[in-house]
1. Right, S12: in contact with a Ser or Thr (Cβ under 8 Å, 6 or more places away or on another chain) and surrounded by fewer than 17 Cβ atoms within 10 Å (Cβ to Cβ) or not?
2. Here are the criteria: (1) assigned to a loop (DSSP other than H, G, I, E, B); (2) under 19 Å from G39 (Cα atoms). Tell me which single one R78 does not satisfy.
3. List the strands (runs of 3 or more DSSP E) that sit entirely inside region 82-158 and contain at least 3 residues that are modelled with pLDDT under 90.
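The values are calculated or read from the model by the stated rules, or taken from the named source; none is laboratory data. Being a predicted model, the structure only gives us computed values, none of them experimental. Here the Cβ is made from the backbone with ideal geometry for all residues, glycine too, and neighbour counts use every protein chain on show.
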Amino acid sequence: MSRMRLTVVGCSGSFPGPDSAASCYLLEADGFRLVVDLGNGALGSLQKYAGLFDIDAVCLSHLHADHCVDLYSYAIARTYSPGGPRPPIPVYGPAGTRERIGLIHGPRGDDELMKRFTFETLTPGSASIGRAWTSARRGISWRPSSRRTSSGPACDRRRRPCRARRG
């Protein structure tokens, strides 16, 4: 039986805290690694669980900084890696994702950095992400066979403090 692993990389809310980055989740299944959200401070914390260049795709839930701003830092890492620029990986997100991330660099953006990704716009419904992932209105789903497994909210600080289980 195939298994899916969810790692809460960060769930601090609108800014990183002393023990957690802002929103970032690593979903792994069948050798495929999907990062959902890359909020403030997430790129550093993500490296505890996966190599910088071992990520297969990124999915952004929305374009608030606490969910997407570290994608810019990831573009820098992929552009200026010691072994040369890394091949592009897909980034799935709402309309305007490429422009939003590019503007973090400045008013004119930075086309060179954005070449480290291919940008796919998610719309209501389902879309394929990687081998067995789909994105739908209610979240990310994984289908290793005919059985469907869905992830719900990983952390809701209004109800309880987030305690990310590490390693």
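1. Criteria not met by S12.
2. Every condition holds for R78 apart from (1).
3. The strands (runs of 3 or more DSSP E) meeting that bar are 127-129, 133-136, 139-142.
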